[in-house]
1. Students often check this: by mean Cβ neighbours within 10 Å, which of 368-375, 303-310 ranks highest, and how do the rest follow?
2. Given a Förster radius of 51 Å and the C-beta distance between Ala148 and Val29 as r, what FRET efficiency does 1/(1 + (r/R0)^6) yield to the nearest 0.05?
3. Mind putting a number on the dipole of the chain about its Cα centre? Charges go on the C-beta only, +1 for Lys and Arg and -1 for Asp and Glu, and I need it in Debye to the nearest 20.
4. Which one of Val474, Thr132, Thr312 has its Cα pushed farthest toward the positive end of the charge dipole of the chain, where Lys and Arg give +1 and Asp and Glu give -1 at the Cβ?
5. Enter the accessible area per residue of the chain (Å², integer; probe 1.4 Å; all protein chains in place).
6. What is the pair-distance distribution P(r) of segment 180-303, computed from all Cα-Cα distances in 5 Å bins starting at 0, with each bin given as a whole percent?
7. Apply the Karplus parameterisation 6.51 cos²θ - 1.76 cosθ + 1.60, with θ equal to phi minus 60°, to every residue of segment 450-455 and state each ³J(HN,Hα) to the nearest whole Hz, in sequence, with x for glycine and proline.
8. So how tilted is helix 326-335 from the main axis of the chain? Cα-based, degrees 0 to 90, rounded to 10.
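The values are calculated or read from the model by the stated rules, or taken from the named source; none is laboratory data. Every value quoted in this text rests on a predicted model; they were computed, and no experiment measured them. Don't worry about glycine lacking a Cβ; one is built from the backbone with ideal geometry, like all the others, and counts go over all protein chains shown. What goes into the accessible areas is simple: the full protein's heavy atoms, side chains included, and nothing from ligands, DNA or RNA. Shrake-Rupley method; radii C 1.70, N 1.55, O 1.52, S 1.80 Å.
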Amino acid sequence: MFRRILILAALAAVAALPAGAAPRAGVQVTAQSLLMPGVTYQRQVEFTPHGPVALDVVTAPRPDGTLYTLTPALSNNAIVATEKLTDMEKDVRASATVVGVNGDFFTPNPGKPTGMLVRGSALDSAPAQARTSLAIGPDGLLTVARVAFDGTWRGTGQRRQLDLNASPVNGHTTLYTAAWGPATPAESGVVAEVLQPFPPLVPNRVDTGVVTQVLDHGGIPIPQSGAVLVSRGGQAPHLTAEAPVGTNVEIRPTLTPNWSTMSGALGGGPQLVANGKPVFRSREAFGDPVLNRRSARSAVGQLSDGRILLVTVEGGSSAFSVGMTNFELAGALARLGARVAFGLGSGPSASMAFDGDLLTRPSTGTEQPISDALLLSYTGVYAAPPALDVVSTTNPTQTFTVKVVRAAQVTASVVGPDKRAIVLSQAAQQPGTYTFTWDAKNAAEGDWTFTVTDGATTAECPFSVNNTLDTVAVSGTTVSFDLVHAATVTVTVENARGITMATLLAKKLSAGSQRVSWKGAPRTGYRMRVAATNSIGTVSQLVPFGSRRK
């Protein structure tokens, strides 16, 4: 399991934030990290008259369809279920490193997205009327538009209307593809026809399937390579008469505008940013609570240079984050540099996760299952944060974890202040997770970098070697330590939650043995932290009362 401590603490190792994610005056950055090559994460907190607002921002390269892809994902690969975002990412992380946000609004039972869903150019769900949809082009550009759906079937007679992967409606005919789930809804008094084989449903293309079975009930297994057509009420006799067993049935799913060339699409809305300006009134079919109530929200945007923004504002807590209205989020995205942005599901389901771990704090206290998600995937070599930010003579063993998603010749090395590479491993590796260790006992002090490459891609992680602080121990309420080099030293007392209860020392000290005492009374979980800063860098040790670290 990769360590996520980097995500929860502010890291000075991330030198410069991308231009699109630079916070405005009055906004504090409480966490920042490089999630994977080219992809940064930042949590911004602003204190407003309504309360604190926490905004989680991921900035990623323009999805080129090779190393980086932006794709909708369906929970459990089926419409008739919901799944946590973290579990959806775990399902695919063997083949990629992923960061994502929740997708469309949805109805809990069966879990169907409210609007459009296109995965791998196949249409799984039709767009919602009077709402915009988001398309991802093969060139990685995002398009937002209102899209109309017109679906028809035709046997031996005229073309007749159909719904797509929808709950039963009396008098309607519905096509159920494998994306719906394992079986059609349970019904009686219907005409149901199995079409097999039947190809993936591509918008604005006529596909044909052969009727292999005619049944009078629902709950019919949907073949992975087929589909099921179900007619009800006055439409049922037409299906019986015009599509007996052996008939070729034509299915025509038409989208206007024609999005047949788009690699992916999903619903949600409304449009938040157009031409770099926040959209105040989109005039889409949303009620006032959805737009104007402060809550957790997610969105996706694109900068003028093609980079992608994934944004989630956390909500539900007056102490941590009160959330935003729809227009407040639109303004935040415009300030981040989005030229176009699109809203996603809001409320308790709004979430952001990296490789199977939540980045956001759930507004209900627990992660909520969702219908679909939007995932940004990277298929190059990935290096997790090193086990230690700082290694020293007292703690010299450094551990590195690497994920390889394709067979390759992998080289792992460390580079120190002298810029010379020390190769830790060079071997042909199959897809999987690998761990490398390095003994820094005799290493030069200063900044180091762990580098891993598969020949096509490279990942790097910074750390440092710093022997300034040695032999930290606590006896009673007195901490003793040795300084190998002169440094500015801070000694604090922390409680079990990491809150500073007292600062015992904050001054520059010469090399040598040092002792600092506290006159307070320690409680369960109290610890002393000793931090030393000099030209080499900063090193710290945290020691519980009554323990000794050698």
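1. Ranked by mean Cβ neighbours within 10 Å, highest first: 368-375, 303-310.
2. Approximately 0.75, to the nearest 0.05.
3. In total the dipole reaches around 1580 debye.
4. Val474
5. About 42 Å² of surface per residue is accessible.
6. In whole percents, the pair-distance histogram is 2, 9, 14, 15, 13, 10, 10, 10, 9, 6, 2, 0.
7. Those phi angles translate into 8, 10, 10, 9, 10, x Hz.
8. The answer is roughly 60 degrees.
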